[in-house]
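The values are calculated or read from the model by the stated rules, or taken from the named source; none is laboratory data. Model, not experiment: these values are computed from the prediction. No Cβ is skipped: glycine too gets one built from the backbone with ideal geometry, and neighbour counts run over all protein chains shown. Quick note on the areas: whole protein, heavy atoms, side chains included, nothing else; ligands and nucleic acids left out. Shrake-Rupley method; radii C 1.70, N 1.55, O 1.52, S 1.80 Å.
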Amino acid sequence: AYEFGKILPLNLNLKNSDFGKRKIDSQGNLIWKASISSKDALALGLYFSDFHIPTGAKLFIYSPKKDQILGSYTELNNSKSGLFATELIYGDRLIIEYNEPYAVAGQGHFNIDEVLHAFRGVKVTKSTSGFGGSGSCEVNVNCSEGDTYKNQKNSVVRLLIKDVSQAFWCTG
């Protein structure tokens, strides 16, 4: 597997006074924003625990210029495990914004336990995509060796594998 990132510990949630800014609008809705940065990162990803977004609330994660926006994450993203992870936001800084309506005030909660700091291999380039782009351990379905895999060809995915303090790309 190709190591492309490090997993960094973090403890960020809606109640941390050192992180994030809370604002209550004129209707009593909560708007909470926090910024996370990691020097020299090519991209950042987040790993959550105790993740619960109540009905009507929304979570967004975006780049400072808002040229990349993830979300809205809603109650549909809740899981029994309480775990949640995001795609990568390119660059060394991201912003988390949580909007909670007054009707469900105080019901939302989450903890951001870890940040993925990507230091290489996050942008698709000519050398990592298209014909000839498979790794040495793989059969490229676009080569003659892959002719028997035509039905499976559209099922190939790039997997992000997290292992304690490292992140890897692999194929499945």
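What to note about this one:
- The phi-based Karplus calculation (6.51 cos²θ - 1.76 cosθ + 1.60; θ = phi - 60°) puts the 3J(HN,Hα) values of the range 36-42 at 10, 9, 9, 3, 6, 5, 7 Hz, whole numbers, x for Gly and Pro.
- Solvent exposure of residue 81, expressed as accessible area, is near 80 Å², computed with a probe of 1.4 Å over the protein chains only.
- Put 116, 83 in order of accessible area, highest first, and with a 1.4 Å probe you get 83, 116.
- Whole-percent carbon and sulfur share, accessible surface of the range 1-104, 1.4 Å: 52 percent
- In sequence order, calculated HN-Hα J values of the range 88-93 (Karplus, 6.51, -1.76, 1.60; Hz; x Gly/Pro): 7, 9, 6, x, 9, 8
- Net charge, residue 37 excluded, C-beta distance under 12 Å - Lys, Arg +1, Asp, Glu -1: 0
- Nearest-10 value in Å² for the accessible area of residue 149, using the 1.4 Å probe: 110 Å²
- Entries of 6/80; 33/66; 65/153 with Cα pairs more than 25 Å apart: 6/80; 65/153
- Sequence-distant residues sharing a close amide H with residue 86 (under 5 Å, placed H): 46
- With q set to 0.11, 0.18 Å⁻¹, the log10 of I(q)/I(0) for the chain, from the Debye formula over equal scatterers at the Cα positions, is -0.56, -1.14.
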